[in-house]
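Colleague: Following this message is one structure expressed as structure tokens.
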Amino acid sequence: MVSYGTPDSLHTYLGSDLAVWALLAERPADARASLADLLAHSSSTLGQAEIFSSHTRDFGANLPPHGTAAAQLVELVRDMIVMDVRDTIDVAAGGDLSWWAGTTLMRMPTRFGTLDLKLTRPAPGRLVASWSDVTVPLRVRVPDGVRLDAVEGAAMPERGSRWVTCGTGQNRVALQV
């Protein structure tokens with residue numbers, strides 16, 4: 001996380017900006033570590049604080065919940081599953097293989113319209129992403145730790161990357177890993 005004020009004061013929502021940067025820089029493990037850190041420094045009710053003291057292990061006089069910190073946490077989780085900052089919709093940018101065990105979003109607002117999304121692993125070595133109609137290409141990230149062997153559907157693996165691009169009019173892709 002990022003410190004603010006004294007070096008001992010960890011700032012939660014400034015730190016979440018670094019996690020989003022990690023997603024954009026193709027470093028999903030760093031984004032997941034940032035998310036774990038944010039959750040570890042939450043209150044007992046998962047209330048998000050603006051500032052957390054690493055020395056005293058408390059929130060000082062600035063008690064949670066803090067609206068901006070909570071919104072940043074929600075945005076980070078959303079961006080890890082569905083990110084729409086490019087001219088595509090990026091799916092599973094921050095997820096690892098465990099996220100393919102039934103992650104589902106319904107009526108997710110994006111800047112390209114509302115999206116329904118489901119990530120499943122119906123069999124070992126098979127990952128399936130399905131989604132509602134979108135007007136832009138959708139990219140699905142192959143999770144870290146697995147190798148893409150084949151793609152079923154009208155999708156193209158991006159050479160040298162962990163992404164599979166799906167064209168408009170496509171609503172499903174299956175990855176053999």
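The values are calculated or read from the model by the stated rules, or taken from the named source; none is laboratory data. All figures in this text were calculated on a predicted structure; none of them were measured in a lab. A quick note on method: Cβ atoms are made from the backbone with ideal geometry, for glycine too, and the neighbour counts reach across all protein chains shown. To get the accessible areas, we keep the full protein, side chains included, count just its heavy atoms, and leave off ligands, DNA and RNA. Shrake-Rupley method; radii C 1.70, N 1.55, O 1.52, S 1.80 Å.
Colleague: Identify the residue in the range 17-31 that is touching a strand residue (DSSP E or B) at 6+ places or on another chain (Cβ under 9 Å) and closer than 18 Å to A70 by Cβ and, among all such residues, is surrounded by the most Cβ atoms within 10 Å (Cβ to Cβ).
Modeller: V20
Colleague: While we're on this one: Of the numbered conditions (1) open to solvent by 80 Å² or more (accessible area, probe 1.4 Å); (2) closer than 25 Å to L18 by Cα; (3) not in a helix (DSSP H, G or I), V74 fails exactly one; give the number of that condition.
Modeller: (3)
Colleague: Give the range 102-152 a look and list any residue that's hydroxyl-bearing (S, T, Y), farther than 19 Å from V74 by Cα and in contact (Cβ under 8 Å) with a residue 24 or more places away in the chain, or say none.
Modeller: S130, S132, T135
Colleague: Right, next: What are the residues in the range 111-155 that are open to solvent by 40 Å² or more (accessible area, probe 1.4 Å) and of a type in the set (F, W, Y), if any?
Modeller: F112, the sole residue that qualifies.
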